[in-house]
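Heads up: the structure comes next, in structure tokens.
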There are 2 protein chains.
Amino acid sequence: MSRGRGILFVISGPSGVGKGTVLKKVCEDMKDISVSVSVTTRKPRAGEIDGVHYNFISKNRFKELVESGGMYEYVEVLGCGYGTPKQAVDERLAKDEDVILEIETQGAEKIRSVRECVSIFIVPPSLSELKRRLEERKTENSAQIEGRMAKCRQELPCAYDYDYVVLNDDLESCIRKVDAIIEAERQKVSRNIKNIDKIIFG
Amino acid sequence: MSRGRGILFVISGPSGVGKGTVLKKVCEDMKDISVSVSVTTRKPRAGEIDGVHYNFISKNRFKELVESGGMYEYVEVLGCGYGTPKQAVDERLAKDEDVILEIETQGAEKIRSVRECVSIFIVPPSLSELKRRLEERKTENSAQIEGRMAKCRQELPCAYDYDYVVLNDDLESCIRKVDAIIEAERQKVSRNIKNIDKIIFG
């Protein structure tokens, strides 16, 4: 059943909880859904690909987007801008495709305040398990890990404001649950009024 | 994650849409969920099994249940009572098990008015396809089929009052969608406050 309009999903969760891996698999599993890539003014780090991890844009272009009202949300961190441009998201939604935004809790709050979306927060089994995973990645020193853990303790209470909370204790099970949320949201009556009309009135 | 309390799912849909087949498979697929069987005062028809299709009870017992406030909903059709006793449902919900009620639109409306539940309406691709399926079953004559179609035309507009609408154009896909709705509802933040507390506060 075509719904005429896509659904905007907003996914957050602490660093190291496995959001990236989950979303990659979810977009492979499900049809008509894709992750919308954020823009940033910072320089790409080693291994980061333009258009995949971020769309890397100039400070001027970023300023233009902000001033023309072209961003759903944006933040500045250490002098660099990060944001979600409206156009790419809206174009896909208008084509009846669903869009996932992987954003931080602050950005999610902004988006919820300006438009309808379905928000999912991915949680680790415990803070100690999250720390273990960050240490296992071996990409950060212990001070950086402490920084991430402090940020996580700040972000976790935002989970109460989301629509869904998904535990990532087992990757396969976490992916299956996010798939289920997307599938379920597509069946909401409020999104299928025209389809019901069609069955009743032909 | 244990939620401490089960979810009550209410499933309706016109006769012949395949509710019974879908629910049987859903209960096989998913853990901790079962269909709660209605009670009736009418005599079992050929092939109907007590405790499976209905719990067949006496008119006196039915009256007792109604008068003691022991029914979530009940109706009388052609002098026979049909109803959903509270006790069997509540006991399972209290044990953190989910319960599915397969009930008619009138009963669903009553339940929604007295307690929180998640309601799903299963729809056929079209009225003509539903008629074709009823004819194919060869269990009813054409007058009976006309009666069922008239009832379906009455019931279908109730779909707008449900939370979810699932199209049964393909049995496997319909089952997968109902499974997804159950899985998604289990991840709702509102049902997992204690689990989030536990991750944050240990």
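Computed from the coordinates by the stated procedures, all read-outs in this text should not be read as laboratory data. These figures come from a predicted structure and were not determined experimentally. Backbone-built Cβ (ideal geometry, glycine too); neighbour counts: all protein chains shown.
Out of the residues in the range A:94-125 meeting the condition of being more than 13 Å from the chain's Cα centre (by Cα) and buried (at least 21 other Cβ atoms within 10 Å of the Cβ), tell me which one is nearest to the other protein chains (Cβ to nearest Cβ).
A:V123
Find the residue count for the range A:145-156, including only residues that are under 11 Å from A:P14 (Cα atoms) and loosely packed, with under 15 Cβ neighbours inside 10 Å.
Of the range A:145-156, the ones under 11 Å from A:P14 (Cα atoms) are A:148-156.
Next, only the ones that are loosely packed, with under 15 Cβ neighbours inside 10 Å stay: A:150-151, A:153-154.
Going through the range A:145-156 one residue at a time, the tally reaches 4.
Got at least one residue in the range B:15-38 being closer than 24 Å to B:Q144 by Cα and more than 16 Å from the chain's Cα centre (by Cα)? Talk me through it step by step, then tell me what you get.
Filtering the range B:15-38 for residues closer than 24 Å to B:Q144 by Cα gives B:15-22, B:38.
Next, from what is left, pick out any that are more than 16 Å from the chain's Cα centre (by Cα): none.
Checking the range B:15-38: not a single residue is closer than 24 Å to B:Q144 by Cα and more than 16 Å from the chain's Cα centre (by Cα).
Quick test of your reading of the structure: B:A46 fulfils all but one of (1) over 27 Å from B:R112 (Cβ atoms); (2) in a helix (DSSP H, G or I). Name the failing condition by number.
(2)
Quick one: B:F62 ticks every box in (1) within 30 Å of B:R186 (Cα to Cα); (2) surrounded by 16 or more Cβ atoms within 10 Å (Cβ to Cβ) bar one, so which box is it?
Here B:F62 meets the rest and fails (1).
Could you count how many residues in the range A:88-106 are touching a residue at least 60 places away in the same chain (Cβ under 8 Å) and within 15 Å of A:S36 (Cβ to Cβ)?
Of all residues in the range A:88-106, those touching a residue at least 60 places away in the same chain (Cβ under 8 Å) come to A:89, A:92-105.
Cutting the leftovers down to within 15 Å of A:S36 (Cβ to Cβ) gives us A:89, A:92-95, A:97-104.
Total meeting the criteria: 13.
Sort out which residues of the range A:130-146 are without any contact (Cβ under 8 Å) to a residue 12 or more places away in the chain and closer than 20 Å to B:I200 by Cα, and write them in order of number. Step through it out loud before you land on a result.
Residues of the range A:130-146 that are without any contact (Cβ under 8 Å) to a residue 12 or more places away in the chain, as a first pass: A:132, A:135-136, A:138-144, A:146.
Across the range A:130-146, the qualifying residues are A:R132, A:E135, A:E146.
Out of curiosity, is B:P85 more than 28 Å from B:S190 (Cβ to Cβ) and in contact (Cβ under 8 Å) with a residue 40 or more places away in the chain? Show your work before the answer.
Working: more than 28 Å from B:S190 (Cβ to Cβ): no; in contact (Cβ under 8 Å) with a residue 40 or more places away in the chain: yes.
Criteria not met by B:P85.
Given the criterion exposed (fewer than 12 other Cβ atoms within 10 Å of the Cβ) and within 14 Å of chain B (Cβ to nearest Cβ), identify the matching residue among A:S128, A:S142. Break it down stepwise before answering.
On the way: A:S142 fails: within 14 Å of chain B (Cβ to nearest Cβ).
The conditions single out A:S128.
Have a look at B:L134, B:L130 and point out the one that is among the aliphatic types (A, V, I, L, M) and touching a Lys or Arg at 6+ places or on another chain (Cβ under 8 Å). I'd like the intermediate steps shown before the answer.
On the way: B:L130 fails: touching a Lys or Arg at 6+ places or on another chain (Cβ under 8 Å).
So the residue among B:L134, B:L130 that is among the aliphatic types (A, V, I, L, M) and touching a Lys or Arg at 6+ places or on another chain (Cβ under 8 Å) is B:L134.
Among the numbered criteria (1) within 13 Å of another protein chain (Cβ to nearest Cβ); (2) in contact (Cβ under 8 Å) with a residue 40 or more places away in the chain; (3) under 15 Å from the mean Cα position of the chain (by Cα), which one does B:A159 miss?
Of the numbered conditions (1) within 13 Å of another protein chain (Cβ to nearest Cβ); (2) in contact (Cβ under 8 Å) with a residue 40 or more places away in the chain; (3) under 15 Å from the mean Cα position of the chain (by Cα), the odd one out for B:A159 is (2).
Give me the residue from the range B:1-41 that is crowded, with 16+ Cβ neighbours inside 10 Å and among the basic types (K, R) and, out of that set, farthest from B:E136 (Cα to Cα).
Here the residue is B:R3.
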